[in-house]
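The next block holds one structure in the form of C-alpha cells; read it before the comments.
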C-alpha cells in the first residue's frame, strides 16, 4: 500500500514528464466537456465531483459538518459584538467635534484680528 502511494506521489510531482501528460489529458477532457455540453453543465459535473471527493476524503463526516456549521453559526453563549457605539460615546464624540470647531473658529478670528 505504501509502495503504491509513493509511486503515485512520484508520478504526480510537478515537473515530471508523466505529470505533464496527465495534466494535458485533464485539460483536453475539460475542453471537450466545455465545447460539447457547455459551461454550466461542466461546472455542475465538477461541483458534484468535488462534493464526492469531499465526502470520500473526510473520515469523520459528522465532526466535519459540525465544525463547518459552528464556524458559520457560533455558539449562543458567546457575546455578540456591539456594532453601534454607546450613547455616552456618541455624546463624547460630539463634544470633541464641537471643541475642535470652536478652537478653529477662535484661531481664525485671532488671525483676522491680527491682520487688521
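Here, each number is a calculation from the coordinates, and none is a lab measurement. Keep in mind that this is a model prediction, so the values were computed, not measured. No Cβ is skipped: glycine too gets one built from the backbone with ideal geometry, and neighbour counts run over all protein chains shown.
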Once each part is reduced to its C-alpha centroid, what is the distance from region 34-60 to region 1-27 in angstrom?
21 Å
Fully extended, how many nm does the chain gain between residue 102 and residue 21 (0.36 nm per residue separation, minus their Cα-Cα distance)?
21.7 nm
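How high is the FRET efficiency between residue 3 and residue 58 when r is their beta carbon distance and R₀ equals 22 Å, given to the nearest 0.05?
Efficiency, from the Cβ-Cβ distance: 0.30.
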